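See below for the structure under consideration.
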Amino acid sequence: MKDLNIQHLKYSIRDDGLFLTDILEQIRTDMSVAQIDLIQSFPQPPKHWQKYAKQSHSLLCFAGSLKLVLFDERRDSPDFGSIREIHCGEHDLQLIEIPAGIYSAYLALGGKRASLLHCGAESLPEPERLMIDTHLIPYQWDNNL
């Protein structure tokens, strides 16, 4: 997907409890961060799709496992109308930079909650939202997860 950036990070367990500090030190030095939110996602179907129309944002699932689904709604993108699924989590740490204009939704996997960092280079405005079952995004969530 055009302008989607995924950075694979190394997972390390430390005795001093600075796991998150290690993760943040691995993030690209050219990435500016003005806002970081901690999100807990529970293993239940998502309620909505969301997008930020004018700025990119990043997600990092550092505990549990997550399925992230992206939909490219940018009319000027060569990937307009495409869907991308990304599986990530504590055993496959990925910092996922989602470009402006991309809808996203996610689901915690494995029957347990997932913990995410949601980062913005600027303060994140309230995102635009669509109900998860909208006909505008051609994706069917598997109810058996």
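Read-outs: derived from the displayed coordinates by stated rules, not from any lab. Computed from a predicted model, the values in this text were never measured in an experiment. Using ideal geometry, Cβ is built from the backbone for each residue, glycine included, and neighbour counts are taken over all protein chains shown.
Figures for the structure shown
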read-out: Hits in the range 41-70 (condition: over 12 Å from the mean Cα position of the chain (by Cα), buried (at least 17 other Cβ atoms within 10 Å of the Cβ) and of a type in the set (Phe, Trp, Tyr)); value: 52
read-out: Condition met for residue 38 (touching a residue at least 24 places away in the same chain (Cβ under 8 Å), buried (at least 18 other Cβ atoms within 10 Å of the Cβ) and outside any loop (DSSP other than H, G, I, E, B)); value: no
